[in-house]
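Working notes for the structure below.
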Amino acid sequence: MKFGILGAGSWGCAFANLLVENGHDVLVWARRKEVVDEINNYSKNSYLPNVKLNFKATNDLNEIIEFSEFLVIAIPVQFIRDVIKNIKVWNIKGILNLSKGIENKTLKRVSEIIEEFTNTPYSILSGPSHAEEVANKIPTAVTVSGSNAKLFQSLISNDYFRVYTSEDITGVEIAGALKNVMAIAAGILDGLGGWDNSKAALMTRALHEMIKFGKIFGADEKTFFGLPGVGDLMVTCNSSHSRNRMFGELIAKGTTLNELIKNNKMIAEGIYTVKAVVEIAKKKNIEMPIANEVYEILYNNKNPKYSMVELMRRPLKKEWLI
Ligand SMILES: NC(=O)C1=CN([C@@H]2O[C@H](COP(=O)(O)OP(=O)(O)OC[C@H]3O[C@@H](n4cnc5c(N)ncnc54)[C@H](OP(=O)(O)O)[C@@H]3O)[C@@H](O)[C@H]2O)C=CC1
Ligand SMILES: O=C(CO)COP(=O)(O)O
């Protein structure tokens, strides 16, 4: 099959390699010409160092659309709209979204952004899948949900990348978006000196907070106890590969948010998604204690240590305990 991939970051490139490995034709869209040249001339990309890239790239959106039977989205969520608004004709069979987040300016999930531009069948793939490990063929398992779930399962699964299917698009999207916010909080605890007991309690509460948020939108609670939920929450809160966890750790150690954004080309989606989560929670009148603390620390300079200690000391409401 012919897959066009929008986004030449770490996940777009790792996923492109996987599709090539599975025998598919792949063309990747990169925003910047220098990234296109680096991929086409040297088969490499700074987002995925030490990995040979086995595909070609372009920064011509029309070329990608003309090439593709299926379009994969691997652009950080806040930037998706500005790219896809330039697609004039959506003559493709299906969309597979890999991105995890909620758009700040509209409070929309990726499926809702896409719906504004096309009625092309939409699916999402999400779960514990750090690009660096997938690129090195480390066994990984993810979930795909949407119109073409079974088809994508057959096209993408291989001996190191297992794809399972779900009916719950909303739950998969929300789980993937919110785990990034929770991982920033987990990273803060790492930065405070590796507070493992606190981190375990935080992750337990984080899962409940994600479920509560997902239920507002009709998500299936079961989804959060699977790969898109607790699976991705665990890997993102604990892995050295996680940008969201790393941002939390560095914030706890005194780096400012502006410094993190300026000094890192990679994107920690949670720093943007947390704004949408806090705004939605306010509108829906639901408590999101962890997301609120992450927001206060990132955007109102609340002291990370004080904030986390106070949060962990707050009397647990019954609903937060599993
Ligand atoms: N990396 C991973 O392990 C995984 C990532 N994901 C998700 O995949 C999605 C893509 O992220 P990922 O591959 O990690 O990206 P990276 O963080 O690796 O790289 C950042 C990407 O964002 C692009 N970018 C930055 N600013 C803009 C902009 N203003 N407009 C358009 N593009 C921009 C960069 O392009 P440029 O080089 O031109 O600046 C680059 O391609 C995210 O939603 C992420 O949560 C999901 C699973 C695993
Ligand atoms: O989604 C991911 C792993 O499943 C990547 O997490 P980070 O964006 O925190 O690196």
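Suppose we filter A8, A14, A30 for residues that are within 15 Å of ligand 1 (Cβ to nearest atom), over 17 Å from F79 (Cβ atoms), within 23 Å of the chain's Cα centre (by Cα) and crowded, with 16+ Cβ neighbours inside 10 Å; which single one remains? Even if it seems obvious, please write down each step before you answer.
Working: A8 fails: over 17 Å from F79 (Cβ atoms); A30 fails: over 17 Å from F79 (Cβ atoms).
Only one candidate qualifies: A14.
The conditions of being under 18 Å from the mean Cα position of the chain (by Cα), assigned by the TED database to the domain that holds F70, closer than 18 Å to N244 by Cβ and among the acidic types (D, E) are not met by E112.
Across the range 206-238, which residue is farthest from ligand 1 (Cβ to nearest atom) among those that are more than 10 Å from G171 (Cβ to Cβ) and of a type in the set (D, E, K, R)? Filtering the range 206-238 for residues that are more than 10 Å from G171 (Cβ to Cβ) and of a type in the set (D, E, K, R), the one farthest from ligand 1 (Cβ to nearest atom) comes out as K212. Note on the range 269-288: residues that are part of a helix (DSSP H, G or I), open to solvent by less than 20 Å² (accessible area, probe 1.4 Å) and away from ligand 1 (no atom under 16 Å from the Cβ) amount to 3. Close contacts from the range 38-55, counting a first residue that is farther than 25 Å from S242 by Cβ and a second that is in a loop (DSSP other than H, G, I, E, B), with Cβ to Cβ under 6 Å and a gap of 6+ residues or different chains, come to S43/K52; S43/L53.
None of L233, L260 is buried (at least 24 other Cβ atoms within 10 Å of the Cβ) and either part of a helix (DSSP H, G or I) or over 16 Å from the mean Cα position of the chain (by Cα) (or both) except L233.
Do you know which of the residues in the range 158-192 that are without any contact (Cβ under 8 Å) to a residue 40 or more places away in the chain and out of contact with any Pro (no Cβ under 8 Å at 6 or more places or on another chain) is surrounded by the most Cβ atoms within 10 Å (Cβ to Cβ)? Quick ask: steps written out before the conclusion?
Looking only at the range 158-192, we keep the residues that are without any contact (Cβ under 8 Å) to a residue 40 or more places away in the chain, and these are 159-160, 162-163, 165.
Restricting the remaining residues to those that are out of contact with any Pro (no Cβ under 8 Å at 6 or more places or on another chain) gives 159, 163, 165.
Working: D159: 8, V163: 21, T165: 14.
Here the answer is V163.
This table checks each residue for (1) at pLDDT below 95; (2) farther than 22 Å from I156 by Cβ; (3) more than 16 Å from ligand 2 (Cβ to nearest atom).
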site	(1), (2), (3)
G12	no, no, no
K33	no, yes, yes
E69	no, no, yes
V77	no, no, no
K93	no, no, yes
L98	no, no, no
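The values are calculated or read from the model by the stated rules, or taken from the named source; none is laboratory data. What you see is a predicted model, and the numbers here were worked out from it, not measured in a lab. So basically every Cβ, Gly included, is an ideal-geometry build from the backbone, and we count neighbours across all protein chains shown. Areas reflect the complete protein model, heavy atoms only, side chains present, ligands, DNA and RNA absent. Shrake-Rupley method; radii C 1.70, N 1.55, O 1.52, S 1.80 Å.
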